[in-house]
Structures are given as C-alpha cells and as structure tokens.
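Asks: This structure is in structure tokens; I'll ask about it shortly.
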Amino acid sequence: MTATTRVERDSMGVLDVPASALWGAQTQRALQNFPATGLRMPRSFIRALGLIKHAAATANAEFGDLPRDLSAAIQAAALDVAAGRYDEHFPVDVFQTGSGTSSNMNANEVIAALAARELSRPVHPNDHVNMSQSSNDVVPTAIHVAAALLLHEILLPALERLRAVLGQRAAELGGAVKTGRTHLMDAMPVTLAQELGGWQAQIDGATARLTSVTPRLYQLAQGGTAVGTGINARPQFGAAFARCLAAITGLEFRASDNYFEALSSQDTAVELSGQLKVLSVSLMKISNDLRWMNSGPLAGLGELSLPALQPGSSIMPGKVNPVVPEAVAMMAAQVMGNDATITVAAASGNFQLNVMLPLIAYNLLQSVELLGIGSRNLADHAVAGFTVNRARMAEALSRNPILVTALNPIIGYERGAAIARKAYAEGRPILDVAAEMTDLSVDELRRLLDPRTLTEGGIRASGPAA
C-alpha cells in the first residue's frame, strides 16, 4: 500500500487498488487482464446493473435472507449507481470475460463500498450485494432491462415524433405534385403527401415490429443463477425480483419461462437487433430520398431545400450540405454492422452460457440509442423544416413524357412510346406532341394528362386502344 493505493483481497489473494477507487480486487484484476480499448460498458448497461442490484436486495429482504438495514443500504447505493453518480468507478472494458463477470463484480464492489460507508461496517460484494445471483443471470438480465428502457424512453418516442412530423408535413403538402421516379428515372407523378406517407408507413411498421419484441424482452434470466437450475436462490426469487424491478421501472418484467434458454442463448437480442436493422434500412432510404430531392440546388433535382445548418465546405464559399440526412445514414450503417456482430456473438452460446455477452450488450444498446437520436434529429432538423420548390417541380412535370402512360388504354403502348420518344428528342411538353400525333382534342388531353388526376390513379378512358 502507498499513499495512492490501498490493499484489497479476493479469493485469489491481495493486490493494490487506487486509494480513491470504489471498486475492489476483482475489478482491479479485470483492469490488469483485459486490453484498455477505451470502449467501456454503456451508461444504460450500468444503469441496468444498479436497478438489478436494487431489485435483488429488495427481494432478498422480503424473504428474510438479507437484514433490512443492509438491504436498505444496498438499495440506496444501487439507485445512486443507476442514476449515474458513480460512472467513473466503472472502468471495465467491453472486451472482457465473455460472461460479463467483471462488470457484475464491478457493480457488486462499488455498491458494497457505498453501503459499507453508509453502515460503517463491512458489506461483502458477493455474499450480500450478489446474494441469490450469478453473473450468468445478471448480465443477460441487464441486456434485456437496458434495451427495454432505451426502447421505451428514447427510441419509441423518437419514432412517434418522426411519424407525427411526417404526417404534419404530408397534410401541409397534399397539393404539391412532383415527378415520380423509378430507377432514378422519370416516372408517373406523385404528390409529396404520398411520398411522405410512404415514409410514415415505414416508421409505423418499424414501431409495430419493435413493439412486438417486448413480450420476450420483458422475460428475464434472473433466478437461473449459474447454469439455469437456480442454485443458491430461492425458487420464488426470479418472480419476486421481476416484480420489484417492474415496480421501480414501470415496465412489465417477469421471470423467464425457461432459465436454461435465457442463460445459454441471446435469441431475443438477435430478434431486437434484426428489427433495429429494418428500421435502419428505412431511415437510410428516407435520408437518401431527402438528399436526392435537396440535390443541387441548380444542377440537381432541387425539389426541396433542407434547413441550412452549417457551412458545407472549407474551400467552396456558400456551399450548404444535407448534413442531418448524412449523419442519420451513417448511424443506420453502424446499426447494420452492429447487427452482424450481434448475430455472430449470439451464436457463441456454448452449453449453458453465451460467452460474448458484453459485446452483445455494447452493440445492441448502441443501436437502440443511435436510432433514437437519429430519428428525432431527422424529424426536427430535416423533415420539419424543409421548403418546397413548387415551380421547379411543376416545370419538370410539364415536360415529363412519361405522362403519356395515361393514354395507353386509348392509343396503345407502341404509339405512346413513339410520342414519348419525340417529346424527349425535341424537348417539348407531352401535351403538344400528343396533340399532333393523336386524334384526341387538347381539352381531352389536358383532362387525361392532368398530373393531379394521375396521382389519384388517373382516368380510365373508354374504348379499345387504336
């Protein structure tokens, strides 16, 4: 021991720990054993560990297994950990033992130190804080708890915000008609409301998919202890623990239907990650559509202008870029990569335990947070504030030869293609060329080729194609 260290003991012996650290010997061994990559377990994971220790101490006291004063001290310390007051005392790297034992013991040691300070007597990290628990059920439980809280507090509200903004803008822009595009080429017209409605449906689908996972996310491994048999825990502990956790979080947590599955597999994490990947695909599609429509403003499509948020170039004065959709697209790409990592990690369940739990936790929780941040940012700083260049859209529509599609039932596909080719070649409005190459009157052509009518499916003309 020196002026800057103190001696701590665990089952393997003694070692020096920084004097100011709340953690003990097992956390210190983790710092010595694992590489310092700079990637620590997420704040949401540490929060979940604190909530788990609080619920466990509560349940153990209800059973009479933990003295009330000791339980109260552990509960108070655990809530302080959950609130983030001691995050600097959770230094363990993501790339640690595959069960996450080092992170569990980090929580046990910090909470024990805080409780001992409150009680002025020793509190044991294993015997007291970790009572009725194992790292093997704590860490899978923490993954579910952290993901469920992030889902309900950050991601789902952000998706509701994006959905609402899309709906609001669609209602405002119902009369704005533009050229539709397939293969990035001119196609039949659509309204901006229809385009935004398609995006809104994607967000609705994502919300439904994510919500569908929650019944399995609410099932917790806690109570299975070491291998799923529940050794060293009362048979009723899992249910009591879940009830205590549900009371403090407001979520419908319950004991897993099968502890062996809950400890040895991470199928629910894979399922949630898959649904997050679907959402990331949707957000990238929406972001890229916005980028294309904003492109230009002179040499691109220039259909809308996203809010000007910052200078876009260090060398080109006046350049402004679609920075928010770009950032969201990068977030989406990260989530797609995280999903691949989670898939491989979840396949590393060997017999009674998955051995890549910290990696699953890190990537899954990052994905939920990224998509929550990205969805809200896209809503508030891109969709809510873009302006529409109606004149540009109208001018492009007036020259769109693909409108001739509406004449197919009257003149047939081949004659329509000839009219379109001539209009393209001569750069003339389709109305003028169609008037020259068909027997239809100008008034009839205006009626059949009216872009607004075509966004509603068009008018089916009577009579056989000539």
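Asks: Name every residue in the stretch 366-388 that is touching a Lys or Arg at 6+ places or on another chain (Cβ under 9 Å), open to solvent by less than 10 Å² (accessible area, probe 1.4 Å) and either farther than 30 Å from residue 308 by Cα or not hydrophobic (A, V, I, L, M, F, W, C) (or both), in order of residue number.
Replies: Of everything in the stretch 366-388, those that are touching a Lys or Arg at 6+ places or on another chain (Cβ under 9 Å), open to solvent by less than 10 Å² (accessible area, probe 1.4 Å) and either farther than 30 Å from residue 308 by Cα or not hydrophobic (A, V, I, L, M, F, W, C) (or both) turn out to be 367, 375.
Asks: Ok, one more. Tally up the residues in the stretch 19-35 that are touching a strand residue (DSSP E or B) at 6+ places or on another chain (Cβ under 6 Å) and outside any helix (DSSP H, G or I), please.
Replies: Step one: of the stretch 19-35, the residues touching a strand residue (DSSP E or B) at 6+ places or on another chain (Cβ under 6 Å) are 19, 24-26, 28, 34.
Then keep just the ones that are outside any helix (DSSP H, G or I); that gives 19, 24, 34.
Total satisfying the criteria: 3.
Asks: Any residue at all in the stretch 179-189 that's over 28 Å from residue 99 (Cα atoms), touching a residue at least 40 places away in the same chain (Cβ under 8 Å) and basic (Lys, Arg)?
Replies: Scanning the stretch 179-189, I find no residue that is over 28 Å from residue 99 (Cα atoms), touching a residue at least 40 places away in the same chain (Cβ under 8 Å) and basic (Lys, Arg), so the answer is no.
Asks: For residue 391, all conditions in the list (1) crowded, with 22+ Cβ neighbours inside 10 Å; (2) farther than 21 Å from residue 165 by Cβ hold save one; what is the number of the exception?
Replies: (1)
Asks: Hey, another quick one. Please verify whether the stretch 5-16 includes one or more residues that are in contact (Cβ under 8 Å) with a residue 60 or more places away in the chain and either surrounded by 18 or more Cβ atoms within 10 Å (Cβ to Cβ) or in a helix (DSSP H, G or I) (or both). Spell out how you get there, then give the answer.
Replies: From the stretch 5-16, those in contact (Cβ under 8 Å) with a residue 60 or more places away in the chain are none; that's our starting set.
For the stretch 5-16, residues in contact (Cβ under 8 Å) with a residue 60 or more places away in the chain and either surrounded by 18 or more Cβ atoms within 10 Å (Cβ to Cβ) or in a helix (DSSP H, G or I) (or both): absent.
Asks: Okay, moving on. Go through (1) touching a helix residue (DSSP H, G or I) at 6+ places or on another chain (Cβ under 8 Å); (2) on the phi > 0 side of the Ramachandran plot for residue 183 and report which single condition fails.
Replies: Checking residue 183 against (1) touching a helix residue (DSSP H, G or I) at 6+ places or on another chain (Cβ under 8 Å); (2) on the phi > 0 side of the Ramachandran plot, the one that fails is (1).
Asks: Right, another one. Given (1) free of Cβ contacts under 8 Å to residues at least 24 places away in the same chain; (2) at positive phi, identify the lone condition not met by residue 417.
Replies: Residue 417 satisfies every listed condition except (2).
Asks: A further question follows. Which one is nearest to residue 191 (Cα to Cα), of the residues in the stretch 394-423 that are open to solvent by less than 70 Å² (accessible area, probe 1.4 Å) and of a type in the set (Ser, Thr, Tyr)? Walk me through it before giving the result.
Replies: The first filter runs over the stretch 394-423 and keeps only residues open to solvent by less than 70 Å² (accessible area, probe 1.4 Å), leaving 394, 396-398, 400-412, 416-420, 422-423.
Cutting the leftovers down to of a type in the set (Ser, Thr, Tyr) gives us 398, 405.
Details: 398: 15, 405: 17 Å.
In this case the residue turns out to be 398.
Asks: Quickly run through the stretch 56-74 and pick out the residues that are farther than 17 Å from residue 124 by Cα and of a type in the set (A, V, I, L, M, F, W, C). Let's see the steps before the verdict.
Replies: Step one: of the stretch 56-74, the residues farther than 17 Å from residue 124 by Cα are 59, 62-64.
Selection gives 59, 63.
Asks: Among the helices (runs of 4 or more DSSP H) confined wholly to the stretch 235-351, which include 2 or more residues that are closer than 30 Å to residue 178 by Cα, modelled with pLDDT of 95 or more and open to solvent by 10 Å² or more (accessible area, probe 1.4 Å)?
Replies: Numbers: elements: 237-249, 259-264, 267-294, 323-346.
Counting at least 2 such residues, we get 267-294, 323-346.
Asks: Could you go through the stretch 394-404 and let me know if any residue there is modelled with pLDDT under 95, touching a strand residue (DSSP E or B) at 6+ places or on another chain (Cβ under 6 Å) and polar (S, T, N, Q).
Replies: For the stretch 394-404, residues modelled with pLDDT under 95, touching a strand residue (DSSP E or B) at 6+ places or on another chain (Cβ under 6 Å) and polar (S, T, N, Q): present.
Asks: Something else now. Exactly one of these conditions fails for residue 200: (1) in contact with a helix residue (DSSP H, G or I) (Cβ under 7 Å, 6 or more places away or on another chain); (2) under 21 Å from residue 287 (Cβ atoms); (3) outside any helix (DSSP H, G or I); (4) not hydroxyl-bearing (Ser, Thr, Tyr). Give me its number.
Replies: (3)
Asks: Right, residue 89: under 30 Å from the mean Cα position of the chain (by Cα) and under 19 Å from residue 28 (Cβ atoms) or not? Full working, then the answer.
Replies: Working: under 30 Å from the mean Cα position of the chain (by Cα): yes; under 19 Å from residue 28 (Cβ atoms): yes.
Taking the combined requirement at face value, the residue satisfies it.
Asks: Of the numbered conditions (1) over 30 Å from residue 449 (Cβ atoms); (2) open to solvent by 10 Å² or more (accessible area, probe 1.4 Å), residue 186 satisfies every one except a single condition; which is it?
Replies: Checking residue 186 against (1) over 30 Å from residue 449 (Cβ atoms); (2) open to solvent by 10 Å² or more (accessible area, probe 1.4 Å), the one that fails is (1).
The values are calculated or read from the model by the stated rules, or taken from the named source; none is laboratory data. Bear in mind that the values here come from a model prediction, so they are computed numbers and not experimental data. Please note: Cβ atoms are built from the backbone with ideal geometry, for glycine as well, and neighbour counts cover all protein chains shown. Side chains included, ligands, DNA and RNA excluded: accessible areas come from the protein's heavy atoms. Shrake-Rupley method; radii C 1.70, N 1.55, O 1.52, S 1.80 Å.
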